[in-house]
Amino acid sequence: MSTLTLTNIAKSYANGYQAVQQLDLDINDAEMVVLVGPSGCGKSTLLRMIAGLEEITSGELVIDGQVVNHLEPGERDIAMVFQNYALYPHMTVYNNMAYGLRNRKTPKDEIHRLVTEAAEMLELSELLDRKPKELSGGQRQRVAMGRAIVREPKVFLFDEPLSNLDAKLRVQMRIQIKKLQRRLATTSIYVTHDQVEAMTLADKLVVLNKGNVEQVGTPLEIYDNPASLFVATFIGSPAMNILDAIVKPEGIEFGTSLLPGNTQLINLGDVKLGLRPEHLQIVEHNPLFEVEVDLIEALGADLLLYCNTLDAQPQALVVRVQGHAVIHIGDKLGLDINLQDLHLFDPITAKNLYFDSNLLQKKEVIYA
Amino acid sequence: MSSHVGFKNKWLPIALIAPQLLITLVFFIWPAGQAIVQSTQLEDAFGLSTEFVGLENFVSLFNDSNYLASFFTTLQFSITVAVLALVSALILSAFAEHITRGTTFYRTFLIWPYAVAPVVAGSLWLFLFDPTIGVVSEMLQWVNVDWDPVLNGSHAMWMVVITSTWKQISYNFLFFLAALQSVPKSLHEAAAIDGSGPIKRFMTISFPLISPTSFFLLVVNFVYAFFDTFAVIHAMTQGGPSNSTSTLVYKVYNDGFIGLNLGSSAAQSVILMALVALLTVVQFKYVEKKVAY
């Protein structure tokens, strides 16, 4: 039962670099919050501030109604899983897990019970007498998890815990972490740069960029309604297609295509138009615009078509179609969209304009 | 395919190792051989005749209470120097690791004593410890210690111990600092989150992890105290008063070059050589294997 409240949290270094700027965030009980962003966005710094490993320059961090800004890491009742696991190399798996409990003067038989229980949950029972160097990557990862859960802390912190594992193991561990978190119902904060991990693990997703929160929401909310160009291109793989377009009194024009409609509610001028690859449909008749296929990536279930628009200044975009579509490099395709799938972004502020797609109507393509 | 990279010309590698080999031969192997030969001989006081006596020199050494006393003095001296130099260097490096400002300044000055020649260090501390003009003896007066290393054997011993320790701390400091820095920072962080304070972290995480370095330094410090402190003792006490600071190495010099009992001196050298060999074996055998993670 624990909640976290971050109010105006900021981190700046002696050289003036602002790693995290005026950040607000509420984390509910038993919630899995994922902090995601490119490297240097301040996500790890934020996590380390919550852990107490970095000093908080300004702002207030509250865990369960208690301000913990000036508490030592050990006094915050949190547990952290490090990217490199940070297992104590000179201790056995058992002692690695028992170390924190011993520091808290837990009775010996209680330690034994907790460690054995956690080991069973993580299938580590056979390995309790081994030293970390005798374990595989996945086993080390599980020991690191065991060390965290054995203390039954208020909050779990995960600092890119899966990035040292190979792809297959990463997927397995991802699922295991999710199940474990559900089962223990412990408030968790998870840092990653991998947007698949972020989407799959998060109850609440926090997208960070340059020390600022770009957007907070459920993974699907963020996927469907990205608040900014940054979020739109960061979440989703392959990334959302962004095309240059112009808002004119009679509609939105991109290349030689025009989406006619009432554009009074949008400022006239340049605009960025966002389209997810799976929202583009190939049509035989009456397409909105035409493209030429430049490259094809076959992923099995899907086919990714890297195309260029057939304009004087071609714009690149990716189309996702089903895996066995018969399409060749050099093919010319007509594409169509549903208007509600269209996003418009301000080219200067990069914010989503959340325009009312009902104002647009699709008419025939205007060929030059 | 072999990954071995070899020289095509067979004279080049020989030319490259020749200087080192030559130095080893002239300054180590040859004198060592001489010592072994000489240890079985007895020479008359004028150096006119030598006589083969077998192991007689060794037998008389082990029946000589002075020699056994010197053994004890050396052990006392070496253990004190090694422990003091290791503990103080460890404390200094533990603190130096956490210095954020003026790091270079601290580290540079902690390393300086190593660059001071032993004889110079000896004279320097002899001044400080001088019963009449020394700063340290003046300070000891304040706490009513009548400091007199010229007549008091244990005072003299402390004086050479402190000087030898002072010189060795730098070396230990360097190794400890490097070892502490190689302990991953995330281990400290994990331990901090596990509720362990700075001192407990040092005792339960850092110290066990640098144990290979500690063991290596222990052996090196023993070797230093046994063999490399001759100049300090020679400059400060000449083994006195009444042999209270006469270590084994000093006795080799004293018996051989002052007492001119070359046979006995050589026999002592041979015993010391055996000791060095033993320490070296211990170091190679254990440092590499046993205490590593």
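The values are calculated or read from the model by the stated rules, or taken from the named source; none is laboratory data. Keep in mind that this is a model prediction, so the values were computed, not measured. When we count neighbours, we look across all protein chains shown, and the Cβ atoms used for this are built from the backbone with ideal geometry, even at glycine. To get the accessible areas, we keep the full protein, side chains included, count just its heavy atoms, and leave off ligands, DNA and RNA. Shrake-Rupley method; radii C 1.70, N 1.55, O 1.52, S 1.80 Å.
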Within 10 Å of each candidate Cβ there may be at most 13 other Cβ atoms; applying that plus a DSSP loop requirement, which chymotrypsin sites (Phe, Trp or Tyr not before Pro) in the range A:1-99 survive? A:Tyr13, A:Tyr17
Kindly report the accessible area of the protein assembly as shown per residue (heavy atoms of protein chains, probe 1.4 Å, no ligands, DNA or RNA), in Å². 51 Å²
Just to confirm the number: angle between the C-alpha axis of helix A:167-184 and the first principal axis of chain A, 0 to 90 degrees, nearest 10? 70 degrees
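Take the alpha carbon gyration tensor of the range A:114-240, find the square roots of its eigenvalues, order them as a ≥ b ≥ c, and report rounded if a/c is under 1.5; if not, report prolate when a/b exceeds b/c, else oblate.
It is prolate, given that a/c is not under 1.5 and a/b is the larger ratio.
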Rel. contact order, % - alpha carbon contacts under 8 angstrom, at least six apart, the range A:28-123: 14 percent
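Hey, what did chain A get for relative contact order, percent, Cα under 8 Å, at least 6 apart?
It comes to 15 percent, rounded to a whole number.
If R₀ is 41 angstrom, what is the calculated FRET efficiency for the pair A:Glu126 and A:Thr349, using the beta carbon separation as r and rounding to 0.05? Let's see the in-between values first.
On the way: r = 57 Å, r/R0 = 1.38.
Efficiency computed from Cβ-Cβ geometry: 0.15.
Can you send over the carbon and sulfur percentage of the accessible area for chain A, probe radius 1.4 Å, protein chains only?
49 percent
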Non-local residues with an amide H under 5 Å from the amide H of A:Asn209, with H modelled 1.01 Å from N and Pro and chain starts lacking one, are A:Glu214
Heavy-atom accessible area, 1.4 Å probe, ligands and nucleic acids excluded: residues of the range A:72-114 down by at least 40 Å² from chain alone: A:Phe82, A:Tyr88, A:Pro89, A:His90, A:Tyr99, A:Asn103
Based on the mean of other Cβ atoms within 10 Å per residue, sort peptides A:148-156, A:105-113 so the most packed one is first. A:148-156, A:105-113
Order the following by accessible area, largest value first: B:Tyr224, A:Tyr190, A:Tyr306. Probe radius 1.4 Å; ligands, DNA and RNA are ignored. A:Tyr306, B:Tyr224, A:Tyr190
Determine ³J(HN,Hα), in whole Hz, for all residues of the range A:195-211 in sequence, where each value follows from phi through the Karplus function 6.51 cos²θ - 1.76 cosθ + 1.60 and θ = phi - 60°; x replaces Gly and Pro. 6, 5, 4, 4, 4, 6, 8, 7, 7, 10, 9, 10, 9, 10, 8, 6, x
Over 30 Å between C-alpha atoms is what I'm after, so list which of A:Lys43/A:Lys108; A:Lys11/A:Lys131; A:Lys210/A:Lys332; A:Lys43/A:Lys168 land there. A:Lys43/A:Lys108; A:Lys11/A:Lys131; A:Lys210/A:Lys332
Give me the extension gain from B:Val145 to B:Thr50: residue separation times 0.36 nm, minus the current Cα-Cα distance, reported in nm with one decimal. 29.1 nm
If one takes the accessible area of chain A alone plus chain B alone and subtracts that of the pair, with a 1.4 Å probe, what total in Å², rounded to the nearest 100, results? 1700 Å²
Can you tell me the FRET efficiency between B:Asn152 and B:Phe72 if r is taken as the Cβ-Cβ distance and R0 is 22 Å, rounded to the nearest 0.05? 0.75
Quick one: with all protein chains in place, what share of the accessible area of chain B is carbon or sulfur, to the nearest percent (1.4 Å probe)? 70 percent
What residues of the range B:182-213 lose no less than 50 Å² of accessible area with every protein chain in place versus their chain by itself (probe 1.4 Å, heavy atoms only)? B:Ser186, B:Leu187, B:Glu189, B:Ile193, B:Asp194
What distance in nm lies between label points placed 7 Å from Cα along the C-beta direction at B:Ala15 and B:Arg101? 5.7 nm
Among A:Leu71, A:Leu157, A:Leu61, which one shows the biggest mean-square fluctuation in a GNM of chain A, springs joining Cα atoms closer than 10 Å? A:Leu71
Computed FRET efficiency, Cβ-Cβ of A:His285 and A:Val171, R0 35 Å: what is it to the nearest 0.05? 0.25
Give me the distance in nm between label points sitting 7 Å out from Cα along the Cα-to-Cβ direction at B:Phe257 and B:Lys185, one decimal. 5.1 nm
Part-to-part distance (alpha-carbon centres) for the range A:118-157 and the range B:148-194, which is given in Å: 37 Å
Return the subset of A:Lys133/A:Lys178; A:Lys248/A:Lys272; A:Lys105/B:Lys200 for which the Cα-Cα distance in this structure is over 20 Å, preserving the input order. A:Lys133/A:Lys178
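Note down the relative contact order for chain B as a percent, whole number, built from C-alpha pairs under 8 angstrom at least six residues apart.
27 percent
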Would you please name the GluC sites (Glu not before Pro) within the range A:48-108 that are DSSP coil residues with at most 10 other C-beta atoms within 10 Å of their C-beta? A:Glu55
